[in-house]
Amino acid sequence: REKIFMKTLMRSLVLLLFVTSAVQADLTISSIIGDNMVIQRDQPVVLWGWDEAGQDISVSMGDAKATAKAADDGSWSVSLPALAAGGPHEVTFNGSSDVTIKNVLVGEVWLCSGQSNMEWTVAQSLNPQEEIKAGTHPRIRHIKFPHVVSDKPIDNARTNGWTETTPQTVAGYTAVGYAYARFLQKELDVPVGIIGCNWGGTRIEPWTPPVGFQSVEALKDIADDLANYPRKNDKGQVQVQTPLAIYNAMVHPILKFRFKGAIWYQGESNNGEGMLYHEKMKALIYGWRKVFDNPDMPFYFVQLAPYRYNRPEALPAIWEAQLATLSVEGTGMAVTTDIGNVGDIHPKNKQEVGRRLSLWALAHTYNREVGIVSGPLYKSMKIEGNKIRISFDYTDGRLAANDGKDLSWFTIKGKDGEFVEAKAVIDGQTVLVSSDEVEDPVAVRLGWNELAEPNLVNAAGLPASPFRTDR
């Protein structure tokens with residue numbers, strides 16, 4: 001019996017090894033490459049995957065064809081010539097096995113990343129039933145990355161695959177990304193692909209590549225300790241919030257994929273860090289531009305909405321950090337102080353968030369005439385007797401109160417006093433701020449409270465960002 005058992009076991013092992021090697025020999029393509037995908041137009045088409053070491057690979061798309069040989073680790077990569085917008089196309093891969101992907105479009109592709117307000121779905125947002133019913137947009141495609149962490153960079157991520165936008169699929173899309181894609185698709189009249197690579201509750205650090213931390217002097221402590229990241233808990237599990245944890249598993253696998261730019265909605269989990277968050281934003285932006293080999297990659301982000309964190313000045317300090325990030329070339333910021341909900345950290349009007357982000361992209365990435373792209377942003381102050389005159393960029397020729405009332409949430413401070421509620425009056429494209437309690441003013445603040453919903457807007461109805469003149 002023992003001999004029979006051993007023979008059976010050996011046969012099973014041989015069969016298992018045969019099956020395993022047969023599976024390993026199959027051609028595999030990166031999970032972000034598949035049916036219904038959108039390829040970035042006007043850029044070389046980079047496609048990659050794995051096969052048996054030394055295997056000859058050929059890839060064809062229409063009249064274009066490229067070949068490669070799988071390296072010792074099985075990896076291969078090809079590049080096809082850039083294409084104009086259009087489709088659908090088929091892409092055929094030939095190696096130790098054959099794979100064909102269908103219904104491939106060429107257009108504009110954007111990475112949609114951040115935490116829960118970017119992950120928040122169409123079904124969870126404003127007017128979900130109407131949005132779902134009207135969700136037939138065959139030239140808008142979406143792919144979603146499940147939540148994964150890793151203690152080292154991995155080559156291939158898990159995804160849920162690309163889908164066409166239909167009433168049956170759209171409910172689970174990133175609502176901000178979907179709204180953004182609709183505005184782009186309508187204006188540009190080309191296919192748009194959105195990559196949902198986001199995770200609710202996450203900090204900015206786990207999304208940032210090593211080169212990003214190393215590029216910012218203020219983050220030297222993190223950069224010097226990268227060898228110890230991402231950290232694990234007592235059970236040996238990777239801790240989600242530590243540097244590199246998400247980057248390794250969800251960003252690194254798609255470094256070869258070409259896309260136009262990124263939209264970012266995050267910061268709630270870093271609330272309380274003040275201007276340090278600005279340094280971390282710089283690290284993320286520079287890091288992504290470096291690892292994606294796209295030094296001018298557009299990066300448009302959302303300034304957080306008011307919310308009751310019960311830390312009144314912590315959120316304004318994040319607003320300040322986000323405002324400061326506009327100093328980074330190729331960025332833009334959607335202000336949302338007027339479309340938030342102080343009782344809900346997930347405001348439902350994601351459609352307007354997407355529209356405001358699209359204004360930046362259409363104007364600055366695609367050179368379209370869309371009018372003003374932002375609400376008033378603080379420019380300078382000038383003391384005039386017992387008043388302070390505040391000047392703004394992005395006035396669009398006129399300032400106003402969106403509710404027709406006196407301007408709200410302005411405060412002013414004298415040389416030896418505290419900030420007090422101020423009277424603010426529009427004077428042309430500036431605002432004069434004063435208080436009967438302050439004779440010698442030195443500083444002004446707007447919306448310096450987590451619950452602030454200032455009513456100052458420009459001619460386009462876009463809201464002013466909170467700010468302070470006392471840095």
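Quick look at the values:
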item	result
Criterion: modelled with pLDDT of 95 or more and part of a loop (DSSP other than H, G, I, E, B) - qualifying residue of 88, 138, 167	167
Residue in the stretch 138-152 that is of a type in the set (Ser, Thr, Tyr), farther than 25 Å from residue 240 by Cβ and touching a residue at least 24 places away in the same chain (Cβ under 8 Å) present	no
Only listed residue being in contact with a Gly (Cβ under 6 Å, 6 or more places away or on another chain) and among the hydroxyl-bearing types (Ser, Thr, Tyr), chosen from 169, 242, 202, 208	208
Count of residues meeting criterion [in contact (Cβ under 8 Å) with a residue 24 or more places away in the chain and part of a strand (DSSP E or B)] in the stretch 91-121	21
Those strands (runs of 3 or more DSSP E) lying entirely in the stretch 397-471 with at least 2 residues under 37 Å from the mean Cα position of the chain (by Cα) and small (Gly, Ala, Ser)	399-401
Some residue of the stretch 120-134 being open to solvent by less than 40 Å² (accessible area, probe 1.4 Å) and within 29 Å of residue 48 (Cβ to Cβ)	no
Residue that is touching a Gly at 6+ places or on another chain (Cβ under 6 Å) and open to solvent by less than 30 Å² (accessible area, probe 1.4 Å), where the choices are 444, 438, 433	438
Qualifying positions in the stretch 122-149 - within 20 Å of the chain's Cα centre (by Cα) and among the polar types (S, T, N, Q)	124, 125
Residue satisfying all of: in the stretch 246-264; outside any helix (DSSP H, G or I) and touching a Ser or Thr at 6+ places or on another chain (Cβ under 8 Å); surrounded by the most Cβ atoms within 10 Å (Cβ to Cβ) among these	263
Some residue of the stretch 89-100 being surrounded by fewer than 15 Cβ atoms within 10 Å (Cβ to Cβ), at positive phi and not charged (D, E, K, R)	no
Selection from the stretch 293-316 of residues that are closer than 18 Å to residue 216 by Cβ and either in contact (Cβ under 8 Å) with a residue 24 or more places away in the chain or open to solvent by less than 10 Å² (accessible area, probe 1.4 Å) (or both)	297, 299, 301
Matching option when the condition is open to solvent by less than 30 Å² (accessible area, probe 1.4 Å) and touching a residue at least 12 places away in the same chain (Cβ under 8 Å), among 371, 375	375
Residue in the stretch 342-351 that is assigned to a helix (DSSP H, G or I) and open to solvent by less than 20 Å² (accessible area, probe 1.4 Å) present	yes
Index of the failed condition, residue 464 passing every other in (1) free of Cβ contacts under 8 Å to residues at least 60 places away in the same chain; (2) touching a Gly at 6+ places or on another chain (Cβ under 8 Å)	(1)
Number of the condition not met by residue 40 [criteria: (1) on the phi > 0 side of the Ramachandran plot; (2) open to solvent by less than 50 Å² (accessible area, probe 1.4 Å)]	(1)
Residue satisfying all of: in the stretch 152-173; within 26 Å of residue 304 (Cβ to Cβ) and of a type in the set (A, V, I, L, M); surrounded by the fewest Cβ atoms within 10 Å (Cβ to Cβ) among these	171
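The values are calculated or read from the model by the stated rules, or taken from the named source; none is laboratory data. Here the structure is a predicted model, which is why all the values come from computation and not from measurement. Backbone-built Cβ (ideal geometry, glycine too); neighbour counts: all protein chains shown. Quick note on the areas: whole protein, heavy atoms, side chains included, nothing else; ligands and nucleic acids left out. Shrake-Rupley method; radii C 1.70, N 1.55, O 1.52, S 1.80 Å.
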